[in-house]
Amino acid sequence: MSQAISYGKITVLTLLFEKYMSEKLSTALSIAEKQISQMLVMQDAMNSRVSDTWRENGYEWYRAIWVECAEMLDHHGWKWWKHQEIDIAQVQLELVDIFHFGLSLRLMSGDNAELIASELSKELHQGTAESDFKIALENLASAAVTNKAFDAKALADCMSLMNMDLDELFRQYVGKNTLNFFRQDHGYKEGSYIKEWHGEEDNEVLAKLVTTLDTGAEDFQQQLYKALEEKYPA
């Protein structure tokens, strides 16, 4: 009898734990969908800033992904014949750039933004549990080269191995998106933009500015844009 009661307690505890984990996942996915939805809107706006007809222009977003993967591998290190240290901050920045291209590729699919956000939130939470960053990165590049697609699960693996969660991706994405708008407003497409600011690249200036501002503020983008204007050496 006591054994049956013990089994009953274990069953109840198991059910409660499963319910807790299910609710936790549901909450996480809901937050992720909101963040991704916001980033999709921002990406569409950025692409439209470059060209009003960006969806019809046939830009090779998939190519931008695999080229970025190759550049990222150098920041991570892959040469077995020499000492190399991982530049985590730079690798994370490259992952953010790839997410820009990945969002654009998904938007090009013709699916509505709600469906894209739902699918991406699930894929970014799943991953494939790949433990080797170089392999995860090759999976990401392979999908872009072979299928001209964005493999969000492979990106999730890369993020996890670089200690980067979705909140951090969102924070850095908003920052880089704002910088991209700033670049376009200051002659990036025409070739007159100044990329080195008083001995630092604009990406480095951005990284420092973001740490001084409240990323949760409703006017975070406006604050950051103003701060960039104050630092710009024009």
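The values are calculated or read from the model by the stated rules, or taken from the named source; none is laboratory data. Being a predicted model, the structure only gives us computed values, none of them experimental. Counting neighbours? That spans all protein chains shown, and the Cβs are built from the backbone with ideal geometry, glycine included. Heads up: the accessible areas ignore ligands, DNA and RNA and are worked out on the full protein's heavy atoms, side chains in. Shrake-Rupley method; radii C 1.70, N 1.55, O 1.52, S 1.80 Å.
Can you say whether VAL50 is within 17 Å of the chain's Cα centre (by Cα) and β-branched (Val, Ile, Thr), as far as the supplied structure shows?
No; evaluated as a whole, the condition is false for this residue.
Test of understanding: among ASP52, ASP97, ASP87, which residue is closer than 28 Å to ASP185 by Cα, surrounded by 12 or more Cβ atoms within 10 Å (Cβ to Cβ) and either out of contact with any Gly (no Cβ under 6 Å at 6 or more places or on another chain) or without any contact (Cβ under 8 Å) to a residue 40 or more places away in the chain (or both)?
Selected residue: ASP97, the only one of ASP52, ASP97, ASP87 that is closer than 28 Å to ASP185 by Cα, surrounded by 12 or more Cβ atoms within 10 Å (Cβ to Cβ) and either out of contact with any Gly (no Cβ under 6 Å at 6 or more places or on another chain) or without any contact (Cβ under 8 Å) to a residue 40 or more places away in the chain (or both).
THR215: over 21 Å from HIS76 (Cα atoms) and either among the acidic types (Asp, Glu) or open to solvent by 40 Å² or more (accessible area, probe 1.4 Å) (or both), yes or no?
So THR215 fits the description; yes.
From (1) over 30 Å from ALA32 (Cβ atoms); (2) under 18 Å from the mean Cα position of the chain (by Cα), pick out the condition that doesn't hold for GLN221.
So the condition that GLN221 fails would be (1).
Of everything in the range 162-203, what is surrounded by fewer than 15 Cβ atoms within 10 Å (Cβ to Cβ) and in contact with a strand residue (DSSP E or B) (Cβ under 9 Å, 6 or more places away or on another chain)? Give them in sequence order.
Answer for the range 162-203, where residues must be surrounded by fewer than 15 Cβ atoms within 10 Å (Cβ to Cβ) and in contact with a strand residue (DSSP E or B) (Cβ under 9 Å, 6 or more places away or on another chain): just LYS195.
Within the range 102-161, considering only helices (runs of 4 or more DSSP H) that don't extend past its boundaries, which have at least 1 residues that are under 22 Å from GLN38 (Cβ atoms), acidic (Asp, Glu) and open to solvent by 70 Å² or more (accessible area, probe 1.4 Å)?
113-126
Which members of the range 193-215 meet the condition of being farther than 20 Å from GLN43 by Cβ and in a helix (DSSP H, G or I)?
GLU204, VAL205, ALA207, LYS208, LEU209, THR211, THR212
Can you tell me which of GLU218, GLU230, GLU190 is at pLDDT 90 or above and outside any helix (DSSP H, G or I)?
On inspection, the qualifying residue turns out to be GLU190.
The rows are residues; the columns are (1) touching a Cys at 6+ places or on another chain (Cβ under 6 Å); (2) modelled with pLDDT of 90 or more; (3) of a type outside the set (Val, Ile, Thr).
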| residue | (1), (2), (3) |
| --- | --- |
| TYR7 | no, no, yes |
| THR27 | no, no, no |
| VAL50 | no, no, no |
| VAL96 | no, yes, no |
| PHE101 | no, yes, yes |
| GLY110 | no, no, yes |
| GLU119 | no, yes, yes |
